[in-house]
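Take a look at the structure set out below.
The values are calculated or read from the model by the stated rules, or taken from the named source; none is laboratory data. Since this is a predicted model, take the numbers as computed values, not measurements. All Cβ positions, even for glycine, are placed from backbone atoms using ideal geometry, and neighbour counts span all protein chains on display.
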Amino acid sequence: MNLTAIYLQLQEKYLRAPDWENFFSLMGALLLKWPILSSRPLSYVQLKSFIKELGISIQEEELESCYGMIASLCVEEKIKDEESGEEKEKFDDKLFKTKSFWKAFLSVKKNNGPVILLSKNLSAKEKLYVMAHELAHYLLGHTVKFNDIDNHVKELHADILAYWLTDIPSPLRTKEENFLIARLVDGKTKEGGNHE
C-alpha cells in the first residue's frame, strides 16, 4: 500500500472517530507522506512553499472576527429535510451569512482550488501560525467532506498540528492551554520557552 492510500485511509478513520488514537495515527501518516513536516519548526518560506506545492493558494483579506480560514470546493453531505422529505445541502447557517465566507467562496472559484485566507492585520509570527493552523485543517480532512467532528475538537487538533509545525503557541488560546499543547507535542516544555 502506498503512503497516499495509508494517509487517506487513516484520514477517513479519523473523520469517523476523531479520538486521540486516530488523531495521532493520522499525524504519523502525515509525517511519513510529507517528510518536510518532520523538519520542525518550519520557516515561513518552507511552510508557504509546501502549501503551494499542495496546490493551495494563499491570500490576505480583510476578514471579520477571525485570523484566517481555509476554503475548498467540497461536496457537502446531503440531508433529508424533515418536513418535505427532500434532500438539501447541509450548511452552517452562521458561517454562510458572513462576508468572510463569501470572500472564501469567491477566492476558491477564482483560483479553482483550495485557498487559505489570512487577515491583513497579522504580525509575521501570527501569519506563520495561522497558515499552519489552516493547513492543519486541510491535512486533517476538516475541509475535504462534511463530518460531525465537534468544532472545538477540530480547532484543538489544528492547534496541535500548527504548534508541531511552527513551535508557535496559538494567539487565541490561554497561556495554560498553550502550555498543555506544548507539553503534549514536545513531551515537556522547553526551558525558557514562552508559551503565552
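Within the range 42-66, residues that are farther than 14 Å from N121 by Cβ reach no partner that is surrounded by 14 or more Cβ atoms within 10 Å (Cβ to Cβ) and aromatic (F, W, Y) with beta carbons closer than 6 Å at six or more positions or on different chains. When every residue of the range 46-61 is checked against the conditions, none turns out to be at pLDDT below 65, in contact with a Pro (Cβ under 6 Å, 6 or more places away or on another chain) and under 19 Å from T143 (Cα atoms).
Restricting the search to helices (runs of 4 or more DSSP H) fully inside the range 120-196 and requiring at least 1 residues that are buried (at least 17 other Cβ atoms within 10 Å of the Cβ), at pLDDT 95 or above and under 13 Å from the mean Cα position of the chain (by Cα) gives 124-140, 151-166. Has the range 101-113 got any residue that is modelled with pLDDT of 65 or more, closer than 29 Å to Q9 by Cβ and crowded, with 21+ Cβ neighbours inside 10 Å? No, the range 101-113 contains no residue that is modelled with pLDDT of 65 or more, closer than 29 Å to Q9 by Cβ and crowded, with 21+ Cβ neighbours inside 10 Å.
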